[in-house]
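A short write-up of the structure that comes next.
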Amino acid sequence: MLNQLIEREQTSAGSQRIRKSTTGQSRIKWSVFVGVCLVIPGVGSQSASNAQLLSAPTYSCKFTSKKPPLDGSLSGPWSNAASTSTFIDITGNGPTPRYTTTAMMLWDNQYLYIGARLQDPDVWANMKTRNSPLYLENNFEVFLDPESDGLNYYEFEINALGTTWQLSLDKPYNQVGHATSPNEISGLISKVRVKGTLNRPGDVDRGWAVELAIPWAGVSRFSSKQGAPNNGDSVRVQFARSQWGLTIDGNGNYAKTSQSDAWVWASMNGQSTVHDPSSWGMVRFVGRPTPSLKGYRYVDCYQDSNEKRLLRNKLSGKGGMSLELCASLATLAGYTIFGVEYSSECWADIKFGNNHAVSSKSCNMSCDGKTSQICGGNGALSVFAKN
C-alpha cells in the first residue's frame, strides 16, 4: 500500500504551496525550504523512543605526509586509511541497504581528505547545475561540525556527474535553524570516478567513487579555531547517501521512481533526518609527526603577542616561509633561536624575550612556502633552538 506524503515548498517570494505525492518506502520525508533539504520528523518513521539506540561510531583519521592523487581513483596513500563501517538505514532500524557504501579519511596540514566507495549496478545522475538540491537524485553527502556543538555546521553533496552543492546551517532545522545556500569553501577539490557506464541502462555497473579535499583554511569560518587540528582533536562528522529507485522509460532512459532511501554512517536512532549532530560519528585526528629540522631541536609551541614577544626580532626573506628559510635568516643574523608564526612570519633571538613562556596548542597553520610544514598559528609561535 502506498503511503501519502505531504511536502511543503517555500518559493523565493516566501509563499507556500502544498503538494501531495506517493512513495513506496516512506522513511524519508523530504521538504524543500528555499532550496535546502529538510526532513519532516515523525512522518512514516519510528520515533527515537521506540528505536534501538546505537552508539555513535568513531574513526581515527590518520595524518598523511603524501597528498592523495585526488582523481577519484582512491589510490596512493588511501591504502593507509581504514574504511568506516558499512552504511546503514538512516533510522538504524530499517532494512539493510541494497548496496554497500563506505567512506574513509586522511588529513595533513592543508586539507581534510574524504574518500567514498558507492556500490551501484545502475549509476545515474542528471543534475549538472552547481548548488542544485542533489538529494533529489542519487548522491553522496558530508556533514561537518568543526566545534562539535551542533551549531554552524557545513554540508556538502555530490552526484556521479561531479555536480556539487555546498551549504551551511547555523543550527538544526528542528531548532528553527537557518540554511545559507550556497556557502562554498574556496579551494575545495572534488572528483568522482564511475566504475561502469553513467546513465546507460542494460549493463551492470560496479558503482562510483568520490574523493574530496576540504581546506582547513575554509573550514575555519565554521569554527573558532584557525588552521589544521592538533593530534587528539575531534570533530563530529556524518556521511550519508540518497538512493532512489529507477525504472526505464519509453525512450530507454533511466527514470526515477517514488522509492527513496537514505543510508548513513552514524545511525540517527529512529529519526528520518540527518540534522541532529549529536548523533553523528566522532572523528579523532592522529599521527602528525613532531616538527623537526636538521641541526635544530624543536622546543615547543608558545603563545605570542605584540605585547609579549617571545622572540624580539622579526626577519624577512624572499619567497614563501619555511622552517629552512627562517633558520637560514636567523643564522645569518647571528641568532640561535628562531620561531615561525601565522604561516609566514619569522622571529629570532639569542634568548626568550620574556620569562613567562606559555605553551600553546595553536601551532596548526601550514607554512605558506612549504605546506608540509607547520609555521605556528594565530598568536602561536613554533620555536626551534640550534643544537
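The values are calculated or read from the model by the stated rules, or taken from the named source; none is laboratory data. Small disclaimer: the values here were computed from a predicted structure and weren't measured. Virtual Cβ from ideal backbone geometry, glycine too; neighbours counted across all protein chains shown. Ligands, DNA and RNA are excluded from the accessible area calculation, which covers all protein heavy atoms including side chains. Shrake-Rupley method; radii C 1.70, N 1.55, O 1.52, S 1.80 Å.
Numerical summary
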read-out: Some residue of the stretch 375-386 being closer than 26 Å to residue 217 by Cβ, among the basic types (Lys, Arg) and either in contact (Cβ under 8 Å) with a residue 24 or more places away in the chain or open to solvent by less than 20 Å² (accessible area, probe 1.4 Å) (or both); value: no
read-out: Which listed residue is touching a residue at least 60 places away in the same chain (Cβ under 8 Å) and over 11 Å from the mean Cα position of the chain (by Cα), from 174, 183, 159; value: 174
read-out: Residue that is most open to solvent (accessible area, probe 1.4 Å), among those in the stretch 307-331 that are without any contact (Cβ under 8 Å) to a residue 12 or more places away in the chain and not in a helix (DSSP H, G or I); value: 318
read-out: Qualifying positions in the stretch 92-110 - under 30 Å from residue 369 (Cβ atoms) and open to solvent by 30 Å² or more (accessible area, probe 1.4 Å); value: 110
read-out: Residue identified as open to solvent by 30 Å² or more (accessible area, probe 1.4 Å), in contact (Cβ under 8 Å) with a residue 24 or more places away in the chain and under 30 Å from residue 232 (Cα atoms) among 131, 126, 152; value: 152
read-out: Residue 264 vs. criteria open to solvent by less than 10 Å² (accessible area, probe 1.4 Å), under 17 Å from the mean Cα position of the chain (by Cα) and more than 30 Å from residue 376 (Cα to Cα); value: yes
read-out: Residue count for the stretch 275-306, restricted to those that are open to solvent by 30 Å² or more (accessible area, probe 1.4 Å), closer than 16 Å to residue 147 by Cβ and among the small types (Gly, Ala, Ser); value: 1
read-out: Enumerated strands (runs of 3 or more DSSP E) restricted to the stretch 54-148, each holding at least 2 residues that are over 25 Å from residue 186 (Cβ atoms); value: 58-63, 101-107, 111-119
